[in-house]
Amino acid sequence: MKAKAISIAIIAAISAATLLSSCKQNQQQQEEANPEPQMLGKPSEVNYTIAENYFIKNNAQLPESHKISDQETFNQIFGMATTMGENGKPTQIDFEKQFVIAVETGPVQKETTLIPGFLINHYDGQLVFHYEVKQGEDISYTIRPVLAIIVDKEYENLKIKVLQNQ
């Protein structure tokens with residue numbers, strides 16, 4: 001009788017272990033078929049500096065990516081607009097450690113200002129720059145407003161997305 005009870009207990013334990021193993025394997029197969037979305041982290045604001053005292057050259061085109069990663073390309077697109085006074089020199093850009101994100105309105109005949117907003121790392125491979133366009137009175141000449149920001153090189157490999165806030 002004892003031997004029979006022990007045999008039944010052993011068979012029950014083996015059956016339970018087999019069943020548990022089977023359930024775990026089934027669960028693992030379902031997880032592989034339907035993986036949970038990867039948590040990318042909370043979006044965070046990225047610091048930048050406004051590139052002051054530069055203008056976009058008449059026939060220059062900004063890259064479609066809005067990203068300028070080297071001095072040669074930057075010099076093809078931008079000229080320096082040095083003015084008198086303490087803050088009259090163009091902002092220094094060290095392309096070994098930084099890159100530029102630039103946006104423009106195109107030619108306009110209105111007083112126009114591009115106002116920088118915020119730059120967000122969305123942790124999905126995108127760096128998103130928000131800015132605003134303020135237009136005022138009509139003017140008798142054409143201008144080409146541009147805004148350039150300087151960003152740390154650690155973000156250079158991210159895709160740049162620019163959003164004009166309304």
Problem set entry | The one condition in (1) assigned to a strand (DSSP E or B); (2) without any contact (Cβ under 8 Å) to a residue 60 or more places away in the chain; (3) not β-branched (V, I, T) that L119 fails to fulfil | (2)
Exercise. Somewhere in region 52-75, is a residue hydrophobic (A, V, I, L, M, F, W, C) and under 21 Å from Q166 (Cα atoms)?
Worked result: no
Exercise. Quick check, is N121 under 27 Å from E45 (Cβ atoms), surrounded by 15 or more Cβ atoms within 10 Å (Cβ to Cβ) and either assigned by TED's automatic domain parsing to the domain that holds T142 or touching a Ser or Thr at 6+ places or on another chain (Cβ under 8 Å) (or both)?
Worked result: yes
Problem set entry | Unique residue being in contact with a helix residue (DSSP H, G or I) (Cβ under 7 Å, 6 or more places away or on another chain) and assigned by TED's automatic domain parsing to the domain that holds Q109 when the list is L158, L127 | L127
Exercise. Which residues, taken from region 140-166, are in a strand (DSSP E or B) and either hydrophobic (A, V, I, L, M, F, W, C) or surrounded by 19 or more Cβ atoms within 10 Å (Cβ to Cβ) (or both)?
Worked result: I143, V146, L147, A148, I149, I150, V151, I160, V162, L163
Exercise. Any idea which residue in region 122-166 is nearest to S69 (Cα to Cα), counting only those that are free of Cβ contacts under 8 Å to residues at least 60 places away in the same chain and among the basic types (K, R)?
Worked result: K153
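The values are calculated or read from the model by the stated rules, or taken from the named source; none is laboratory data. Please read all numbers here as calculations on a predicted model, not as lab measurements. Methodologically, a virtual Cβ is constructed for each residue, glycine included, from the backbone with ideal geometry; neighbour enumeration extends over all protein chains shown.
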